[in-house]
Structure formats: structure tokens, C-alpha cells
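Peer 1: Below are the C-alpha cells for one structure; questions will follow.
Bear in mind that the values in this text are calculations on the coordinates, not laboratory data. This one's a predicted model, so the numbers in the text were calculated from it and none came from an experiment. Here Cβ is always computed from backbone atoms with ideal geometry, including for glycine, and neighbour counts include all displayed protein chains.
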Amino acid sequence: MIRQIKLFILLFFPITMLAQSITVSGLVTDKTTGSPLPGVNILIKGEEKGTQTDFNGNYTLNNVDTNATLVYSFIGFKTQELKASSEVINVVLEESLSQLDEVVVIGYGSKSRKDVTGAVSLVGAKTIDKLKPVDASLALQGTTSGVTVNTPSGSPGAGFDIVIRGISSNGKNGPLIVVDGLPNADFNSINPNDIESISVLKDAQAAIYGIQGANGVVIIKTKSGKKNTKTKVTYDVFTGVQQTSKKLDNLNAIEYALLLNESYAANGQDLPYPNINDVTTNTDWQDELFSSAFMINHNLGISGGSENITYFLGASHLSQDGIIAPEKSTYERNNVRLTLGVDLSDKFKITSTTNYFTTDRKSINENGLGSVLFNALNYAPTFSLEQEDLSGFLGNEVINPLSQIKDTYNSDLGTGLEGSLSLDFIPSENLKVTSRLGYKTFNNRFKGFFPVVNYGPGKVFNRDRSEVNQSRQNFSNYTWETFINYKNTFDETHNLSLTLGTSVQKQIGEGLYATGYDVPNNSWDFADISLTTGILNARTNDSYRFDNRLLSYFGRVEYDYKSKYLISAMIRRDAASDFNADNRVDYFPSVTAGWKISDEEFMSDNGFVDFLKLRASYGFLGNFVGDNLYRAELNGEGTYVFDNSIVNGVAIGRLPNPDARWERAEKLDIGLDAKFLDNKLELVADYFIEDRNDLLISGIPVSGIVGTYAPGSGNPIINAGTSRVKGFELGLKFNNSVGDDFNYAINYNLTKINGEVTKINGGIILEGGAFGVGQLAPSRMKVGEPIGYFYGLQTDGIFQTVEEVNNSPSQTGLLGNEAVPGDIKYVDVNGDGVINFDDRTKIGNPQAEFIMGLNLSFNYKNWDFSSYMYSELNKDMVRNYERDQPNVNKLAYNLDRWTGPGTSNTVPRVTTGATNNRLFSSFFVEDASFLRLQNIQIGYTLPSEVLEKLKISKVRLYTTVNNAFTLTNYKGFDPAATGGTRNPDGTVNPIGLGIDYGIYPVSRQYLLGLNVAF
């Protein structure tokens, strides 16, 4: 009997052990800070059962089998798997520094970085938080390979120009920006603190966006709440002062007077300053212009969620004064963003995101001939602060910059509302149907007042009638998309994902401009058209209206075998209303593939390589340019006879082109992702080629009988060009820990880009940009050269002797001026024995060949440190901020001028006489390569034991310096600036890029900040 009882116990005991369940609870904390982590997912491996940590990092999970494995996962941290061996399990999660573990948004879906088969870069919220950018686009600078982010101006609210993998088009090169599913969005309307992640699609994978994807796609995902978490309140504030990052080395008053005397003497004229001791005024106009400026930014976030509802409320206020005339150069932005997620049932979910924003900007005249900085660099240091050039001594284009600021009045106000509303229907765990409505409306009001002023005889800035310009513009962007995502696994080895959908986009806008004359009291206080009393015998108003629509269908198939062999194919059909009915539709297919070599059997015993994936992509994408070129517009000039009188009117302008269409890009990318040394070292490498077809070319000759030579008319713009951009990207990341208290990370990325025009029908050469006044265009687009390369005379030093002049080709073919010793010596490029404008050649390239970024960071106990560096190499800029007038001030490099044989072979003599020295040449083209420490930050987080006493979950103090220093040989203010002119849509014109008119420099910012979480 006893034996039978023992046998029964032995048989029953294992069964009871297998069936035993417990309740597991514990605390999950951050290894780096020791702070509790709310919202951590805890799942029973192999089951759908799980829970999340609460606001205090605590969790409880009932009915857990004692043999079960618990999986702890949280975005940005390494996943841990632990046996349910006890009822209390406290877990410490370590931050994941591996980009390959992250989730990236790829358009109408998302994937683990390990499974992505395209070239995608990701910037997370932590990087943005470290950089503290005023504009979120700056978070891409130096952190993302293949991406350049440059500014047209350092003034507050000026915005930035983003280019992905080089300039391929002579039109628009900026990427498509998608915010929470809304395409054609903008960075400048978003509070950077509201962003959770930024994904950058750089290759054919962006074909899912079809006609809008050729320049790359930037996908922004904003923050949202998490389920089953208590309300979390965060407050972030930083404030500080801004200073100019550079001042140019100009002549002081004595140097200026002596140099002027020398230039007059060289031309046989009386000296303007015969007694140098009489020069008692020494005004440094840059010192008078630049000042310390204030900035402050507040961010408030409230988030949380229950079982069925999640919420995030963000509010921010940014106020930034300019480092030049802070009372006339300011920017304010206010944002309120609300994101709600509601599970109506197990099958229906609604997500709503709304962002309300306002902007208020005041600006000065900047980045052009006649700008405030241009005048400051050229105005004489012998003039006092309030002294006007009443004698015209400095010419008719240079005035007192302080007076110019005093007479500057404008206001630019914007109000916008954007967001999306989506409904998810989930009939099964494999299928999800999403219908999403996106919207953005923006209203802009501008007013500029120009008072009656007189700066001296003949000054181009003089105005004998006051005027006020006012405009109202309204823009709306609506998108309705419906798509399905299907995922399934067959036989545990075949993984299939399908995406199929449709998209309808509508962009409408209208604007009204008007000018009023004779403002009462010549005052800003009365500057309104309704109060003006004067009229002008010409039209003083204008307006526009547009209505653009895009109908699209898209699909994507993704398949992998054992998550080892991956392939995807996608296609999009776009139909755009902006083109002739016969040219409105196009198809954009692409294919991507990947092979996880590290999952192969022959790699199983490898102790060095932890992950290795080879990937490739190929496909076609579109660049949405050339719209409405098929229409004839009444913007030409016409003369008519009515009642025997000649009447001026309008006529058809540029000849329309009914065959115009968008650009089409063909892209190839081959990439490699790898991890080594126990996942401490990561490598991402890509080689890419893009052929951009159907570039829009103007100026191709047509028959004169069609009237293209009439005023306001012109030859049609046609698709007649091709370009090629190729290069490679390399990203390296190393992270390591030393003991329990210290960890560090090093990130480095390098991009090499080479671009050239490969074809232009008819051999047409496009010209653009401007240098000086009345000179030939300095920039070109030509087969065999990069778009926008510099074209001018090549210098060969300075003539030292009369004999050297006599033994060199004559330079009278330029402006009729014979060269003398001390003048610039130009190269006879075509070898015909004379120097003329036929000897112009390529003398520079504004596009950088190499782009690099370096990020260093470490954490020691409660201290953290980070720095971000950015570099562009092998690029040139044109020095165009020196006025060609005899009496204006000059840069200090003129102290090294030629004064006799052997004194200088780089800087010509000074003279008031006529020379060829001011013609556009390589003398004005400088190497603009640079290395910039764009951010350095040190922070301290209060320890957890202190926080517990304060009933606060996080307190962090930090100090930041932005734009700490820039290493460069470029003489101008900012080698990273875009320069050049802008297209009508506000984008930079690549033919004219890199021409510096005295660009408003970026500010160096010294900031103090505080992060608090409750």
C-alpha cells in the first residue's frame, strides 16, 4: 500500500509542478539613471498574455506558470528574457545603443531595422533632445549619412534647406516631408520636443510615394501616450544668450585711410586723407551691429493612458531674438499638439493628432546686395554712428547700416492648424484596414513699411514717397488615404506582408498683394493701406490662386523565408492635375532585397560577426516639378490700338509646352549592415547611383515666328536634360561599458557624392546667379559638370614686372583695360594669345564632395556628456560681399596687397583707376570646407533616492553650447550657408548656389536647461 502511495505521489507531483502558477510583480528601472520606467511591456513568451509597468515602474502579472519565460521590452532599451522563478522580479533595463534594434517607419507601415531592405536612417527623440534645435531639421545635420542641412540665413525663423544624396535637379531638390501620415508638411511648424522619431528614406524604397519621392522622404512620427500608464507630466525649459559666431576682419580707420590714399596716388589723384592725424573716428560697424540676444524655449508634455485610451498633450513657446537688431529681427513660435488614441472595441481604433501653431517673425534686409551686413562691411570706418554719406563719397549703393535698420519695419504673422484623423479596422490579427484624413491650413499676413528717407544724393535706397506693402495668403493641404496591411506566417518559415491602398491629395491656395502710397505721418503706426492717401499710375495690386490634385494607387509585397532571405516589391500609380491630360499618369515601380548572411549555418560558429546583412534596391521615382507649363499665361507685355490710341496691356508670356512632365529618377543602391564584437560595433555602408531624367531646360531655340522674342515672352521649358549622382555612405558606431557606472558611444558617418549633368538636348548651357553689378552670370549647368558650378576667369598670380606683362597675352579683350604690374594675371585657357571672356572656365563647385558627422557621448553615474560635429569638404563659395567702389571699406587681406615686385602674388594692387581686377574670377572663389562643433552638452540627473523624497520621477540640469566653433579657411561669415537665390516656391536655386552676399551668420548659443518629470 505504501509502495502504491509513493508511486501515486511520484506520478502526481510533476503534474502539479507543471500546472503551478504564481503572481509575479516587481520594479523596472533604467540602468543609466536608476529611474523607474513606465510603459515597459512584459509578455509571457509564446503567449499574448502580458502587462505594462505603471507610472512608478511597478508591474503585476497574474497566473504565470513557474516554467514560463517573461520578456521585458521597451523602445530604446535592450530586451530581456527572464524565467518566472520567483514572485518578485526586479529588472534593470539597459539602453539599446544599436540602431539595428530600432523600428523605422517606411511609409504606410513600419519594420524592425534588422529586416529593412532599403537605405533608411533614423534619428530618435534622445538625439533631438541633446541637440536642442530651434528647427527640427537641424537634428539631421551630422547625424544622418547622405543628408546635408544648410541655412539660407542665420536670422531667427529663416528655415533650412535639406538635400539627400546630393543635387540631382536644376529645379527642386528638397525631400518630401511626411508628418504622422500627412505629406507636404514642414519642419518649421513642428515643435522639436513633440517628435518621437525621424526616418529618412534615401533610395528606391521611397517609390511608395511615387511622384513625390525622388528627392528622398523624411517621415516624422510624433509622440503619443502609452496604454496602462499613469499621467506623466514633463517640463523642459532652456534659456540663454546668443552671439555671432564670426566677425570678418575689416580695416580699421587708419588702415582704411592709408589704403585709400595709396589707391588715389596710384591713379594720380589728390589724397582723400592728406593728414592721417585728422582721422579720429574709428567705427567698427560689425561691433555696432552684432549684439547679445536672448532666447527661451518652454515645453510642456502630458501623457498617459488606460486600457483603451492613450493621450499626449504638448505645448511649447519659443522666443528668439536676432543677433543683429534684436528689436527688428525676432521670431516667436507657439505650438499646442494633442494626440488621442481610442480603442472603440477589439476591432476598431481611432487616432487623432492635431497641431495648432502660430509664428511671428520680423526681419531685416539680409543676404543680398544692399543688405544690412553688406552695408556694414562696406561703410567707411571714418564715419560716425549717425553720419550719413551726404556727399556720395561711398557711391550710390552703400548706406549707413544703423540708419537702414532704423528705417526697417515689417511683420510676418502665420497661423496654422494641421493633423490627421485615422480609423483602424482590425478584423483579424493578420489584417488591418486604415482610413486616414490629413489636413493642414495656414494663413499668413505680411506688412512692410518703407518710410520717406534720404541717405544722400543718388542713393538707390532713397525714397521720396512712403509706401506700405500688405499681403494675405491662405494655403490648404488635404489628404485622404485608405490602405490595408496584411501579415501572415505560413509553415513557420514563410512570412508575407501585403500593403494595398489609395491616396487623394488636394492643395489649394490663394494670395492677394497690394501697395499703398503716402502713409500718414510717415509712420509705422499708421502703416495700413486703408489710411494711405496717394495713388500711382500703375497697377499696385496682384493676386494668385492654385488648385492642385493628385490621385494615387499603391501596393507593396514583402516576403521573407525564415527571416533570412527578404524581398519586397512596390508600385505606385500617380495622376497629377498640373499636367496636360495626356501626360498626367505615370507608374513608379521598385524592388528591394536582403540576405541575412549571419543567419546562415556556415556563420553559426563565428565568434566575431554578430549580424551581417546584404541588401539592394532598384526602382523609379518622380520629382514633382514642371507643373502648369502646358498652360499659356497672360504675363507678357502687349501693345494695342484702341480708338486710334496706343494702349499698353498684357499678352501671352512664355510659350507653353503641352508635353511637359515631371522628372523621373532611376535609383540603385547596394548596402551592407553589420554588427561585431558582441554587438558593440555597428557598420552601415551603401553605394548608390541615381540617374535623373527629364530635367526641365529653358532657352532651347524655337522659330522666331511664334513670338518668343516679344517682351515678357520666351522659349518653352521642356524636359531635355539628364544628370547622374553617385557615391557611397559609411556609418560606424561603437558603444561600450566600463564597469557599472561608465558607458560611452562613438558615432561616425561619411558620405562621398559626385554629380554631373550627362545630357542636355541641343547642347544648351543654363546660366544663373549674380556677381557684383552688371557682370556675366557666375554659375552654370553644362554637360560633364555638376549643376551650378562656378564659371569665370582663372587667375595665375599677380603681374610683378612690366616685362612679365609684355610677355603675357593682352587682357584688353576683357574691359579694354591694359594690365600693369600689380594686376591679376589671367590664364589664356583657349590658347588663342589673348585674354577675353572666351577664356572663362570652371573655377569651383559649391557642392561638397565629402560630408561627415561625429558624435561622442558618455554617461558616468548621474552625469552625461554629448557632442556633435559636422563637416563638409571639397566645396567652394564665392566672396560677393565686397562692393566694387573706390572708397568703400575693405577686408584686412588687402593689407597683404601687391606694392612692388615680389611683395604679393595673391592680392592685387589698390587703385581708383579702371582695371580688370574686379571681374569674376577664381580670386573671389574660396575653399569653403569646414568642421563645426555644432553642439556640446553636459547634464546631471538627480539620484533616485533624492527624487523619491521629492516625489518627482526625474530632474535633470544641463548646459549646452550650440555652434561652439567652426574651423575653416573661408573668409565669409558661414561656410555652411546655402547662399545664392531662391526659386518662386522658396526653395534654393541650385544654379547660383554658394554665392555669399554677406550672409547673416548663425548664432553661437549658450544655454542652460532643466528637465523635470512628474
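Peer 1: If packing is taken as the average count of other Cβ atoms within 10 Å, what order do 81-88, 756-763 fall into, highest mean first?
Peer 2: 756-763, 81-88
Peer 1: Rounded to the nearest 0.05, what FRET efficiency do Ile689 and Gln473 have when you use their Cβ-Cβ distance and R0 = 35 Å?
Peer 2: For Ile689 and Gln473, the calculated efficiency is 0.30.
Peer 1: Along its three principal axes, how long is the range 857-983 when you only count alpha carbons? Whole Å, largest extent first please.
Peer 2: So the extents along the principal axes, rounded to whole Å, are 79, 40, 29.
Peer 1: For the range 99-223, what percent of Cα pairs sit more than 21 Å apart?
Peer 2: 34 percent
Peer 1: Let me ask something additional. Find how many whole Å separate the alpha carbon centroid of the range 121-149 from the alpha carbon centroid of the range 454-468.
Peer 2: Taking the Cα centre of the range 121-149 as reference, the centre of the range 454-468 is 44 Å away.
Peer 1: What does the net charge come to around Asn583 if you take all other residues with beta carbon closer than 9 Å to its beta carbon, with K and R at +1 and D and E at -1?
Peer 2: -1
Peer 1: What's the center-to-center distance, using Cα atoms, between the range 357-403 and the range 155-178 in Å?
Peer 2: 29 Å
Peer 1: A further question follows. Taking each pair of distinct Cα atoms in the chain once, what is the resulting Kirkwood hydrodynamic radius in Å?
Peer 2: Across the chain, the inverse of the average 1/r is 32.0 Å.
Peer 1: Sticking with this one: What length, rounded to one decimal in nm, is gained on full extension from Asn67 through to Asn580, with 0.36 nm per residue of separation minus their alpha-carbon distance?
Peer 2: Value of the extension gain: 177.9 nm.
Peer 1: Moving to a separate point now. List residues of the range 896-938, by number, whose backbone nitrogen lies under 14 Å from a label position 7 Å along Cα→C-beta of Phe837.
Peer 2: Of the residues in the range 896-938, 919-921 have backbone N under 14 Å from the label point off Phe837.
Peer 1: On to the next question. Net charge around Asn400, counting only other residues with Cβ within less than 12 Å of its Cβ (Lys, Arg = +1; Asp, Glu = -1)?
Peer 2: That works out to -3.
Peer 1: Using the Kirkwood formula on the Cα atoms of the range 420-522, what hydrodynamic radius do you get, in angstrom to one decimal?
Peer 2: 19.1 Å
Peer 1: What are the ³J(HN,Hα) couplings of the range 361-369, residue after residue, when phi is run through the Karplus curve with 6.51, -1.76, 1.60 and θ = phi - 60°? Round to Hz, x for glycine and proline.
Peer 2: Result, rounded to whole Hz: 10, 10, 9, 10, 5, 9, 6, x, 4.
Peer 1: Ok, one more. Just to be sure I understand: of the beta bridges DSSP finds with both ends in the range 99-223, what percent are antiparallel, rounded to 5?
Peer 2: So the antiparallel bridges in the range 99-223 amount to around 85 percent.
Peer 1: Another one. 7 Å from Cα along Cα→Cβ at both Ser352 and Glu510: what's the point-to-point distance in nm?
Peer 2: Simple spin-label model gives 2.9 nm for this pair.
Peer 1: What is the magnitude of the charge dipole of the chain about its Cα centre, with +1 placed on the Cβ of each Lys and Arg, -1 on the Cβ of each Asp and Glu, and no other charges, expressed in debye to the nearest 20?
Peer 2: Taking the Cα centre of the chain as origin, the dipole is about 2740 debye.
Peer 1: Oh, and also: List Arg982, Arg956, Arg692 from most exposed to least, where exposure is judged by having the fewest other Cβ atoms within 10 Å.
Peer 2: Arg982, Arg956, Arg692
Peer 1: Further question on the same structure: Using Stokes-Einstein with the Kirkwood hydrodynamic radius over Cα pairs, what translational diffusion coefficient do you get for the range 928-1014 at 4 °C and a viscosity of 1.567 mPa s, in µm²/s rounded to a whole number?
Peer 2: 79 µm²/s
Peer 1: Take every Cα-Cα distance within the range 607-683, group them into 5 Å bins from 0 onward, and report for each bin the whole-number percent of pairs it holds.
Peer 2: Bin by bin from 0 Å, the calculated values are 3, 11, 10, 9, 8, 7, 7, 7, 6, 5, 5, 5, 4, 4, 3, 2, 2, 1, 0, 0.
Peer 1: Under 15 Å from a point 7 Å along the Cα-to-Cβ line of Thr280: which residues of the range 379-410 have their amide N that close?
Peer 2: 382-385
Peer 1: What does the charge count around Glu388 come to, taking other residues whose C-beta lies under 12 Å from its C-beta (Lys +1, Arg +1, Asp -1, Glu -1)?
Peer 2: -1
Peer 1: Sorted from fewest to most neighbouring beta carbons within 10 Å, what does the list Trp898, Trp595 look like?
Peer 2: Sorted ascending by nearby Cβ count, the order is Trp595, Trp898.
Peer 1: Using per-residue counts of other Cβ atoms within 10 Å, averaged over each peptide, order 364-374, 206-216 from highest down.
Peer 2: The densest-packed peptide leads the list: 206-216, 364-374.
Peer 1: A follow-up question, please. Calculate, in nm to one decimal, what Tyr587 and Gln387 gain on full extension: separation in residues at 0.36 nm each, minus their alpha carbon distance.
Peer 2: 65.6 nm
Peer 1: Could you point to the residue in Val647, Asn583, Tyr630 farthest towards the positive end of the range 571-649's charge dipole, with +1 and -1 charges on the Cβ of Lys/Arg and Asp/Glu respectively?
Peer 2: My answer, from the dipole projection, is Asn583.
Peer 1: Most exposed first by the Cβ proxy, i.e. fewest other Cβ within 10 Å, how do Val120, Val961, Val834 rank?
Peer 2: So the residues, fewest neighbours to most, are Val834, Val961, Val120.
Peer 1: Need the full-extension length gain, Asn874 to Leu677, defined as separation in residues times 0.36 nm minus the C-alpha distance. One decimal, nm.
Peer 2: Length difference between fully extended and current span is 67.5 nm.
Peer 1: I want to check the label-to-label distance for Tyr486 and Leu313. Put each point 7 Å from Cα in the C-beta direction and report it in nm to one decimal.
Peer 2: 4.2 nm
Peer 1: Under a plain spin-label model, where a point goes 7 Å from the Cα along Cα-to-Cβ, how far apart in nm are Ile700 and Asp741?
Peer 2: Here the modelled spin labels are 7.1 nm apart.
Peer 1: When ranked by the protection proxy of mean other Cβ atoms within 10 Å per residue, highest first, what sequence do the peptides 646-659, 992-1005, 393-406 form?
Peer 2: 992-1005, 393-406, 646-659
Peer 1: What Kirkwood radius, in Å to one decimal, follows from the Cα pairs of the range 477-620?
Peer 2: 21.1 Å
Peer 1: Any chance you could give the angle, 0 to 90 degrees and rounded to 10, that helix 2-19 forms with the longest Cα principal axis of the chain?
Peer 2: So the inclination is approximately 20 degrees.
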